[in-house]
Amino acid sequence: MTLNYTEKNPPASADSINNAVRMLGVEKNIWITKFWSLYDGALLDDQVLIYSTGEIVERNQTYDIARSFPGQILVGDDSGGRLVLTDKSVVDKFYLIGSGDPFLDDAEIFQSIDALVEHVLVEQGVLSESVDVVTIGKAKATPQEVLAIKKGLGLSSSVTDLKEKLQKENEKILKGVKAVKYERVVAGYRHLIRFDS
C-alpha cells in the first residue's frame, strides 16, 4: 500500500528534532525522528495523525505514556480514539491501542506504519480487505530478494518469471489476497512490491 499524505508539514528543523528527542528520552535514530526529517507531522490517508515535534511531548504527557508504557512513545492517533505507539528503541514496531487501555498486551502490533494505516482503513471500510500484490519496477531485485519474495508470497512461478515481472511496473504477482497475510513480506520489500486495491 502506498501512503496518501492528506496533510503534511515541511520537514522539522534539526533543533526541533533534537529538542523532542531530548525531552522524550529516546534514541536519535528511531522511526519518528526519520519521519520528522521528511515531515514535521502529517495526516495519513485522512485517518492516522502523526504528531509534529511541537505536539508530541504534550501528547505523551497528557496520556501519561512514560508511566503507562515506559518502553514506548506516543507518535500519533487513528482519529477514532486509539493511540499509535512505537518502541523507544530503533526497532520499527507499531502498536495500535485504545486511549484508555492500560495494557500493551491488548494492542494490535504492526511491523510498519503502512501496515497499521492499511489496517485502520480496512476497519473503516475505506480499503478492501482483498488486495493485489503488484510490482513497483523501479529497482533491480537481487537474486536473494527474488527468492525471498517467491518464498514469502508462496508463489509457484519460476524464479526467472518472477525476476522478469519484478523488472516491470504494476505487474500483478498475486490477485485478491488478504493484505494482513502478506504485509510483512510487502513491507520488507516495499522498494520492489506493494499492495494495490
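Each 10 Å bin from 0 upward holds the following percent of the Cα-Cα pairs of segment 114-197: 19, 54, 23, 5.
According to the Kirkwood relation over distinct C-alpha pairs, the hydrodynamic radius of segment 76-163 is 15.7 Å. Do the sum for the chain: with -39,500 (n - 2.57) for every DSSP H run of n ≥ 4, divided by all residues, what is the mean residue ellipticity at 222 nm, to the nearest 500 deg cm²/dmol? Helices in the chain give a 222 nm mean residue ellipticity of -10000 deg cm²/dmol. Full extension of the chain between residue 18 and residue 55 yields a length gain of 11.9 nm, computed as 0.36 nm times the residue separation minus the alpha carbon distance.
Ignoring lysines fewer than eight residues from residue 175 along the same chain, the ones with Cα atoms less than 17 angstrom from its Cα are 150, 151, 165. Against the chain, whose longest principal axis comes from its Cα atoms, helix 143-153 is set at around 80 degrees.
Give the angle, between 0 and 90 degrees and rounded to the nearest 10, that separates the Cα long axis of helix 113-123 from the longest principal axis of the Cα atoms of the chain. The two axes meet at around 90 degrees. Can you tell me which lysines have their Cα less than 24 Å from the Cα of residue 28? Leave out same-chain residues fewer than eight positions away. Qualifying lysines at Cα under 24 Å: 8, 88, 93.
For segment 1-76, GluC sites (Glu not before Pro) meeting the loop criterion (DSSP other than H, G, I, E, B) and having at most 14 other Cβ atoms within 10 Å: 27. The residues packed around residue 155, meaning those with a beta-carbon under 15 Å from its beta-carbon, carry a net charge of +2 if Lys and Arg are +1 and Asp and Glu are -1.
Calculated from the alpha-carbon coordinates, the chain shows an Rg and a Dmax of 18.1, 54 Å respectively. Roughly how tilted is helix 14-24, in degrees to the nearest 10 and between 0 and 90, from the longest Cα axis of the chain? That helix lies at roughly 70 degrees to the long axis. With a Förster radius of 41 Å applied to the beta-carbon distance between residue 46 and residue 140, the computed FRET efficiency rounds to 0.75.
Readers should treat all values here as calculations from the given coordinates under stated rules, not as data from a laboratory. Just so we're clear, the structure is a prediction, and the values are computed from it rather than from any experiment. So basically every Cβ, Gly included, is an ideal-geometry build from the backbone, and we count neighbours across all protein chains shown.
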